[in-house]
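Only one structure is covered here, and it is reproduced in the block below.
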Amino acid sequence: MAWTDAELRTYEEGLAGYYRLRAVHYDAQFQIGAHPIRESWAELAAAMREALAGRAVMELACGTGHFTGFAAEAAAHVTATDLADEMLQVARGKIFPRGNVAFRTADAFVLEALPGSFDAALAVQWFSHLPRARYAAFLGGLNRRLGTGARVFLADGGHDAARTPADSPGRAPYLKPGCEDVYTLRTVPGAARPFEIIKNHFRTEEELRAVFAPYGRDLEARIGRHFWHVSYLTV
Ligand SMILES: C[S@@+](CC[C@H](N)C(=O)[O-])C[C@H]1O[C@@H](n2cnc3c(N)ncnc32)[C@H](O)[C@@H]1O
């Protein structure tokens, strides 16, 4: 489907609006007891730490900072950004023992407005929300903002069925005629109506490579049980 600029703006405002309303409840998904997803978080954290060690990291769509904490364990510094101040407010209440995290409001599509110099970028559970029609704008913008030779680490979820129980009710994915994106309807307590959110997934490493290879060299692409991740150096 060819999106008009107005349709993209409406979708992206709706996405941020949905997360603004969810901010106070968002961290519940991370507060589960014994669950296999904990192993996946640990695997993801290890890959993230290796990729970002010693780097000045720009994190996009950081949400409440759950994954910021893993990155900050190894990075020199993390500037963690999100468009929703409601999310950042929760993140700012957390303790990052190395004191190397700063939070800023920023739109992941308007990175030229973000001050600072970075040699790495991180985004977790963000890419799946992008319409396929926006991949080039986002990934190209990231490369332009970082310059050549910077590390990019992107990770996102797999099948909804594999997500945590706290984060999965009523989320059957569906397609729309003529559209290449996968949608889910998400409800938030107090919201007048459900939000229609894109949640695209990658099923194979070949699919990951097809999307990310044009933007990076030394591309590592992995599909794990709950998450996929890619790590590459910008070209
Ligand atoms: C699924 S959450 C991911 C949060 C965090 N990275 C995590 O994995 O827990 C998606 C995040 O994208 C943020 N977001 C939505 N639109 C955005 C935009 N245009 N620019 C930056 N962040 C945005 C939301 O506020 C939300 O925090």
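The values are calculated or read from the model by the stated rules, or taken from the named source; none is laboratory data. Small disclaimer: the values here were computed from a predicted structure and weren't measured. Quick reminder, even Gly has a Cβ in these numbers, built from the backbone with ideal geometry, and neighbours come from all protein chains shown.
Condition check ((1) over 16 Å from the mean Cα position of the chain (by Cα); (2) away from the ligand (no atom under 11 Å from the Cβ); (3) within 17 Å of residue 52 (Cβ to Cβ); (4) among the small types (Gly, Ala, Ser)) across all residues:
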| residue | (1), (2), (3), (4) |
| --- | --- |
| 106 | no, no, no, yes |
| 111 | no, no, no, no |
| 118 | yes, yes, yes, no |
| 125 | no, no, yes, no |
| 131 | no, yes, no, no |
| 147 | yes, yes, yes, yes |
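The residue of segment 68-90 that is nearest to the ligand (Cβ to nearest atom), among those that are assigned to a helix (DSSP H, G or I) and surrounded by 23 or more Cβ atoms within 10 Å (Cβ to Cβ), is 87. Out of 171, 134, 209, 222, one residue alone is under 25 Å from residue 37 (Cα atoms), among the charged types (D, E, K, R) and either at pLDDT below 95 or buried (at least 19 other Cβ atoms within 10 Å of the Cβ) (or both). It is 171. Quick one: is residue 104 over 30 Å from residue 193 (Cβ atoms) and of a type in the set (D, E, K, R)? Considered against the rule, which asks whether it is over 30 Å from residue 193 (Cβ atoms) and of a type in the set (D, E, K, R), residue 104 comes out as yes. Restricting attention to segment 19-34, the residues that are surrounded by 13 or more Cβ atoms within 10 Å (Cβ to Cβ) and either in a loop (DSSP other than H, G, I, E, B) or at positive phi (or both) total 1. Meeting the requirement of 3 or more residues that are under 27 Å from residue 23 (Cβ atoms), the strands (runs of 3 or more DSSP E) wholly within segment 173-235 are 182-186, 195-198, 227-234. Quick check: anything in segment 38-48 closer than 19 Å to residue 121 by Cα and surrounded by 21 or more Cβ atoms within 10 Å (Cβ to Cβ)? Looking for residues that are closer than 19 Å to residue 121 by Cα and surrounded by 21 or more Cβ atoms within 10 Å (Cβ to Cβ), one finds at least one in segment 38-48, hence yes. Number of residues in segment 46-56 that are in contact (Cβ under 8 Å) with a residue 24 or more places away in the chain and over 14 Å from the mean Cα position of the chain (by Cα): the value is 7. Any residue in segment 35-46 that is within 18 Å of residue 145 (Cβ to Cβ) and part of a loop (DSSP other than H, G, I, E, B)? Within segment 35-46 (the criterion being within 18 Å of residue 145 (Cβ to Cβ) and part of a loop (DSSP other than H, G, I, E, B)), the answer is no, since none of the residues qualifies. Residue 157 passes all but one of (1) at positive phi; (2) modelled with pLDDT under 95; (3) within 12 Å of the ligand (Cβ to nearest atom); which number fails? Residue 157 satisfies every listed condition except (1).
Between a residue in segment 57-78 that is in contact (Cβ under 8 Å) with a residue 60 or more places away in the chain and any residue that is part of a loop (DSSP other than H, G, I, E, B) and near the ligand (Cβ under 10 Å from one of its atoms), which pairs come within a Cβ distance under 7 Å, given they are 6 or more apart or on different chains? Within 7 Å, the pairs are 60/108; 60/126; 61/108; 61/126. Just give me the residues in segment 38-63 being touching a Phe, Trp or Tyr at 6+ places or on another chain (Cβ under 9 Å), under 22 Å from residue 223 (Cα atoms) and not small (Gly, Ala, Ser), in sequence order. Residues satisfying the conditions are 41, 43, 44, 48, 49, 52, 59, 60, 62. State which residue pairs qualify: first residue of a type in the set (S, T, N, Q) and inside segment 14-37, second residue modelled with pLDDT under 95 and not in a helix (DSSP H, G or I) in any location, beta carbons under 7 Å apart, and separation of 6 or more residues or different chains. Short answer, once both residue conditions are applied: 29/164.
The residues of segment 113-127 that are at negative phi, surrounded by fewer than 20 Cβ atoms within 10 Å (Cβ to Cβ) and either modelled with pLDDT of 95 or more or assigned to a strand (DSSP E or B) (or both), listed by number, are 114, 115, 117, 119. Within segment 1-44, the set of residues being of a type in the set (S, T, N, Q) and within 22 Å of residue 176 (Cα to Cα) comprises 4, 10.
Checking each residue in segment 98-109 for being of a type outside the set (D, E, K, R) and either in contact (Cβ under 8 Å) with a residue 24 or more places away in the chain or assigned to a helix (DSSP H, G or I) (or both) picks out 100, 101, 102, 103, 105, 106, 108, 109.
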